[in-house]
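Here the structure comes first, spelled out in structure tokens, and everything after it is commentary.
The values are calculated or read from the model by the stated rules, or taken from the named source; none is laboratory data. Bear in mind the structure is a predicted one, so any value in this text is a computation, not a measurement. So basically every Cβ, Gly included, is an ideal-geometry build from the backbone, and we count neighbours across all protein chains shown. The accessibility values were calculated without ligands, DNA or RNA, using every heavy atom of the protein model including side chains. Shrake-Rupley method; radii C 1.70, N 1.55, O 1.52, S 1.80 Å.
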Amino acid sequence: MTASEHADIAGYLLDTLTPEQRRAVDEHLAGCAECRDEVDSLREWSAALEAVPEPMLLEGPPDGGDLLLQRTLRQVRTESTSHYRRRTALVSSAAAVLVAVAIGGGILAGRTTAPDTPLAQPTPTVSTQPTTVPGTRTATGVDATTGARITVAVAPAAGWVRVNAAVSGIPAGERCVLEVVAKDGYVAQAGSWLVSPAGEAGGTTLNGSALIAPDDVKSVRVVNTAGKQFASVDV
């Protein structure tokens, strides 16, 4: 019997058949052990996916999660091509659930109809990169007039700089701009924000960047959109 002579198992399990078609599949299943086995196998997929407990969903993808997902989907594809085409729709649906879970922040762990050999878990890697970029300059300044405080770290890049600033002492509601000032007076904006009540009470931390060569940076300052300066520090 060819694949085309078998019943539409995928449509049967996904409940997309008409009543007449469903009765025809029921009659076919009564006399076809192979199709009954197929139905049982695919129902195991659905049961496994529906029974996954919440603790099995990780908070964010683990290291090497992409590699694990790729290998899992490759195994599903290999299995599906060795069976009748009617199985593809349901297996693809299960694989789509795995993809959705992985993208949403977790890797799904559960039973499949694949061979019993488990997939090898990726070996965790430990980063040897330094936490601070060589050449990073830090400074802190307090404005005597406004009382605002700014602490900055300026990290060099290829012809530009990354800036991390912690700013406090600015009233809520102020529309602030973080600026990097070059030695020749050129000013580049590194970021902007609206000071919230929480920012007024506990300060605001901002990450930004500026198109100024690292050796040309003179200072970093915070002003509002009207031009009032709240704090500045030389670096």
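A few points about this structure:
- Of the candidates 135, 185, the single residue that is modelled with pLDDT of 95 or more, open to solvent by 40 Å² or more (accessible area, probe 1.4 Å) and assigned to a loop (DSSP other than H, G, I, E, B) is 185.
- Selection count where residues are at pLDDT 95 or above, closer than 17 Å to residue 207 by Cβ and in a loop (DSSP other than H, G, I, E, B), scope segment 138-161: 1
- The listed residue being out of contact with any Phe, Trp or Tyr (no Cβ under 9 Å at 6 or more places or on another chain) and farther than 12 Å from residue 235 by Cβ, out of 202, 169: 202
- When residue 135 is tested against (1) at positive phi; (2) out of contact with any Pro (no Cβ under 6 Å at 6 or more places or on another chain), exactly one condition is not met: (2).
- Of all residue pairs spaced 6 or more apart or on separate chains, those with beta-carbon atoms under 6 Å, a first member in segment 209-227 that is closer than 19 Å to residue 192 by Cα and a second member that is among the basic types (Lys, Arg) and open to solvent by 20 Å² or more (accessible area, probe 1.4 Å) are 209/162; 224/175; 225/175.
- Set side by side, the residues 175, 162 differ, and just one is exposed (fewer than 14 other Cβ atoms within 10 Å of the Cβ), touching a strand residue (DSSP E or B) at 6+ places or on another chain (Cβ under 6 Å) and within 15 Å of residue 190 (Cα to Cα), which is 175.
- Any hit, segment 215-228, residues being in contact with an Asp or Glu (Cβ under 6 Å, 6 or more places away or on another chain), open to solvent by 20 Å² or more (accessible area, probe 1.4 Å) and charged (D, E, K, R): yes
- Subset tally (residues that are surrounded by 17 or more Cβ atoms within 10 Å (Cβ to Cβ) and not in a helix (DSSP H, G or I)) for segment 8-28: 2
- Restricting attention to segment 188-214, the residues that are in a helix (DSSP H, G or I) and open to solvent by 30 Å² or more (accessible area, probe 1.4 Å) add up to 5.
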